[in-house]
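Asks: Dropping a structure here in structure tokens format, bear with me for questions.
Just so it is clear, none of the values below were taken in a lab; they were calculated from the coordinates. Note that this is a predicted model, so its numbers are computed, not measured. Cβ coordinates were reconstructed from backbone atoms using ideal geometry, including for glycine residues, and neighbour counts include every protein chain displayed.
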Amino acid sequence: MNVHAIKAIYLFEMARTWRTLMQSIASPVLSTSLYFIVFGSAIGSRMANIEGVSYGAFIVPGLIMLSILTESISNASFGIYMPKFTGTIYELLSAPVSAMETVIGYVGAAATKSIIIGTIILLTARVFVDFTIIHPVWMIAFLVLTSVTFSLFGFIIGVWADSFQKLQVVPLMIVTPLAFLGGSFYSINMLPPFWQTIALFNPVVYLVSGFRWSFYGVSDVGVGVSLAMTFTFLLICLGIVAWIFRTGYKIKA
């Protein structure tokens, strides 16, 4: 294992974050804080409790998960796309750095950024609403697992994209709608039976449900099912990444 190579890639990606703090950290935290102000403090105070949890507190896990999904994908996809765009990817491919070390460096940096953002949002949420964390260890586990999984997914998007427009199309047209329809602002148990069944085909439902369970002990689906679905998506992403490096898809061409 070339630890020096992993460290170099990781520190390079993290340095880009510190150079663009307003865009990388402040912007997603500020936008999520607006959700807390509008839905948590203003609207939430006028809504009934959901499964014994105040509405303002109920949406905290969903909003954190929404930010983690979008930021993990954005950071990882941009991180690997820019070397392709500038041509420096060939320097990396010709260096004594394995595919696994490359992925660990880029995905590790993207996941770290997402975890930092999620932690800041969690602390910021305390200013606007009261909430509890019944299972803090599981909360951290879901936070890390989701960040790593969707950073891998973002890495795949960054390799696939051959323009800045394609880099944004999947997060904007697919991931964001799925996140909003995945129970971030409501429980799927509030939906009619038919739409509850449809919602179960949305993978984000399992992420939000498991993360919310770690806070309040309530969930739309079993926590075991949430973990299984997340691990399944993680394994699929790992398989695709392995295929990309084995075939050189849009990297060596």
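Asks: Tell me what the chain gives for mean residue ellipticity at 222 nm when only DSSP H runs of n ≥ 4 count, each as -39,500 (n - 2.57), the sum divided by the residue total, rounded to 500 deg cm²/dmol.
Replies: -23000 deg cm²/dmol
Asks: Compute the angle between helix 3-19 and the longest alpha-carbon principal axis of the chain, please, reported from 0 to 90 degrees and rounded to the nearest 10.
Replies: Approximately 60 degrees, to the nearest 10.
Asks: How do H4, H135 line up, fewest other C-beta atoms within 10 Å first? The partial results should precede the final answer.
Replies: Details: H4 10, H135 15.
Neighbour counts put them in this order, fewest first: H4, H135.
Asks: Could you compute Rg(Cα) / (2.2 N^0.38 Å) for region 74-124, with N its residue count?
Replies: The reported ratio for this selection is 1.38.
Asks: Please give every one of the aspartates and glutamates within straight-line cross-link reach of K7, meaning a C-alpha to C-alpha distance under 13 Å, and leave out same-chain neighbours fewer than 8 residues apart.
Replies: Those aspartates and glutamates meeting the cut-off are E101.
Asks: Against the longest alpha carbon principal axis of the chain, how many degrees, from 0 to 90 and to the nearest 10, is the axis of helix 55-86 turned?
Replies: 10
Asks: Please state the relative contact order of region 88-205 as a whole percent: Cα pairs under 8 Å, 6+ residues apart?
Replies: Relative contact order here is 22 percent.
Asks: Run the simple label-point estimate for V169 and Y90 please: 7 Å along Cα→C-beta, distance reported in nm.
Replies: 2.6
Asks: Can you list the aspartates and glutamates whose alpha carbon is less than 18 Å from that of K250, not counting same-chain residues fewer than 8 positions off?
Replies: Qualifying aspartates and glutamates at Cα under 18 Å: E91, D162.
Asks: Going by average Cβ neighbours within 10 Å, how do the peptides 206-215, 50-59 rank, with the highest at the top? Intermediate results must be reported in sequence, preceding the final value.
Replies: Values: 206-215: 26.4, 50-59: 19.4.
Sorting 206-215, 50-59 by mean packing, highest first, produces 206-215, 50-59.
Asks: A follow-up question, please. Within 10 Å of each residue's Cβ, count the other Cβ atoms and sort D220, D162 from fewest upward.
Replies: D162, D220
Asks: So for region 3-247, averaging the separation of alpha carbon pairs under 8 Å that are six or more residues apart and normalising by length, what relative contact order in percent results?
Replies: On the way: 304 pairs, mean separation 63.8, N = 245.
Computed value for region 3-247: 26 percent relative contact order.
Asks: Related question: Treating only the Cβ of Lys, Arg, Asp and Glu as charged (+1, +1, -1, -1), what charge dipole size does the chain show about its Cα centre? Round to the nearest 20 debye.
Replies: Value, rounded to 20: 380 debye.
Asks: Further question: Taking only the alpha-carbon positions of region 1-149 and ignoring solvent, what does the Debye formula give for the base-10 log of I(q)/I(0) at q = 0.17 Å⁻¹?
Replies: Taken in order of the listed q values, log10 I(q)/I(0) reads -0.94.
Asks: Right, next: Could you tell me how many degrees, from 0 to 90 and to the nearest 10, lie between the Cα long axis of helix 223-247 and the main elongation axis, the longest principal axis, of the Cα atoms of the chain?
Replies: Roughly 20 degrees between the two axes.
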